[in-house]
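Structure first, then comments.
The values are calculated or read from the model by the stated rules, or taken from the named source; none is laboratory data. Just so you know, these numbers come straight off a predicted model, no measurement behind them. We place every Cβ from the backbone using ideal geometry, glycine too, and count neighbours over all the protein chains shown. All accessible areas refer to the heavy atoms of the entire protein, side chains included, with ligands and DNA or RNA removed. Shrake-Rupley method; radii C 1.70, N 1.55, O 1.52, S 1.80 Å.
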Amino acid sequence: MEIFLASSNEHKKHEMEELFKDYTIITPKDINLNFDPIEDGKSFVENSLIKAKALYEIVKKPVLADDSGICVDALDGKPGIYSARYCGRLKNKVDGHKLSQNEQNGLLIEDVNLTLKEKNLDPKKRENRSCRYVCSLILYYGKDQFLCSQETLEGILLDDINESRGTTGFGYDPIIFLPEFGKTVAELTEEEKNSISHRGKAAELIAKAMKNLF
């Protein structure tokens with residue numbers, strides 16, 4: 001059975017293929033479809049639903065859509081839904097979309113370090129650097145019919161961009177440390193990541209529900 005994915009990100013497609021092995025995952029890019037809906041929601045759930053509904057209206061087949069990001073406690077949950085275009089304290093000076101991921105990673109660490117110092121908190125203490133990945137995953141399978149699962153992956157933001165480690169994964173993975181593994185997210189094997197990640201846990205719940213739908 002074909003399931004459309006409301007993203008042309010090859011990393012996400014690969015992850016979804018691993019998480020939904022019983023289905024054929026198709027992206028808009030695979031069918032030469034220019035798909036770029038305006039994500040103007042105020043939450044991960046709202047943005048996921050915007051993408052899922054928009055693609056379903058075009059293909060009329062079940063659609064998976066996710067919106068995810070990193071939420072840092074020291075920054076009151078930021079960057080959150082703005083993770084993909086984060087530019088830290090350079091806001092209004094640069095376009096976050098034009099920054100490399102490594103530049104964004106460095107700016108996030110710098111922002112957190114400065115914020116903690118302003119709050120008279122020790123930037124080196126792990127408990128001050130708590131963060132989590134959040135993923136809202138939606139399966140849109142009929143007019144006004146959808147399932148939603150939102151999950152997290154708890155971690156610690158590294159305090160120095162030069163400590164970035166790992167080559168797997170993408171996004172902020174090299175700077176998110178998981179104490180229980182002694183690794184960054186980017187150092188996890190594919191199997192490890194899929195079993196504990198925010199997207200993996202959300203997908204597991206959706207996949208179970210899909211068995212009763214299709």
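Take the chain with all the other protein chains still there, run a 1.4 Å probe, and you get 51 Å² of accessible area per residue.
One-quarter of the Cα convex hull surface for the chain, in nm²? Its Cα hull, projected and averaged over all orientations, spans 12.0 nm². Using C-alpha pairs below 8 Å separated by at least 6 residues, the relative contact order for region 1-106 is 21 percent.
Qualifying trypsin sites (Lys or Arg not before Pro) in region 12-119, where qualification requires a DSSP coil assignment and no more than 12 other C-beta atoms within 10 Å, comprise 21, 42, 60, 91, 93, 119. Placing unit charges on the Cβ atoms of the charged side chains and taking the dipole of the chain about its Cα centre, the candidate lying farthest along the positive direction among 178, 130, 41 is 41. Legend: P(r) of region 48-104 from all alpha carbon pair distances, 10 Å bins from 0, whole percents, reading 21, 36, 27, 15, 1.
Separation of region 133-161 from region 46-74 is 9 Å, based on Cα centroids.
If R0 equals 30 Å, the separation of the Cβ atoms of residue 90 and residue 189 corresponds to a calculated FRET efficiency of about 0.30. A compact globular protein would have a Cα radius of gyration near 2.2 N^0.38 Å; the ratio found for region 108-169 is 1.63.
Relative to the compact-globule estimate of 2.2 N^0.38 Å, the Cα radius of gyration of region 51-143 comes out at 1.38. Relative intensity of region 14-62 on a log10 scale, I(q)/I(0) at q = 0.19, 0.23 Å⁻¹, equals -0.76, -1.01, per a Debye sum over C-alpha point scatterers of equal strength in the absence of solvent. Screening the chain for whole DSSP H helices with an alpha carbon extent of at least 24 angstrom along the helix axis and a mean Kyte-Doolittle hydropathy of at least -1.0 yields 101-118.
In region 49-164, the portion of solvent-accessible area held by carbon and sulfur atoms comes to 48 percent [1.4 Å probe, whole percent, DNA, RNA and ligands not counted].
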